[in-house]
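Input: one structure, supplied below.
Just so it is clear, none of the values below were taken in a lab; they were calculated from the coordinates. The structure displayed is predicted, hence computed values, not measured ones. A quick note on method: Cβ atoms are made from the backbone with ideal geometry, for glycine too, and the neighbour counts reach across all protein chains shown.
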Amino acid sequence: MKTQHLRQDKTCLNCGHEVPDRYCGHCGQENVDTKESFGHLVSHFFQDITHYDSKLLLTLKYLFFYPGRVTKEYISGRRQTFVNPIRLYVLRLSSSSCSRR
C-alpha cells in the first residue's frame, strides 16, 4: 500500500486533467504530496538506479539543450516526464565513482 498522502486538489499537476482516483487517467502521474523522505529514497535506491527508461534520456536532453526548463517543470508539478533530481544526482555520483576505478 502506498504511504504518500493524496493531494486535496484533484487537478493533475502534469497535464491539468481531472484526477478522480490516485492516478491521472490521462498521463498516469500519481496525485500525491510529492515530499519524499530520506528513508523512502534509501529504500528505493537500487530499484531506481537500475530501472531508468526514456525519462533519463529526456531529462539529459533538456538539461543540455534547454537549461532551466527541467527545474521549472519540476517545481510547477510536471514530474512524470523527468527523473527525480535527487535520483539523477545519485546516479551521477555512482557513475563518477565507478569511472575513477
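Can you sort Lys55, Lys10 from fewest to most other Cβ atoms within 10 Å of each residue's own Cβ?
So the ranking, lowest neighbour count to highest, is Lys10, Lys55.
What order do you get for Tyr89, Tyr62 when you list them from fewest to most C-beta neighbours inside 10 Å?
Tyr89, Tyr62
Among Leu57, Leu6, Leu13, rank each residue by its count of other Cβ atoms within 10 Å, from fewest to most, as a rough exposure measure.
Leu57, Leu6, Leu13
Can you list the residues, at least 5 places off or on another chain, whose amide H is less than 5 Å from the amide H of Val32, using H built in the peptide plane?
Excluding prolines and chain starts, which carry no amide H, the hits are Arg7.
I would also like to ask the following. With a point put 7 Å past each Cα toward its Cβ, work out how far Cys27 is from Ile86 in nm, to one decimal.
Placing both labels 7 Å beyond Cα along the Cβ direction yields 2.2 nm.
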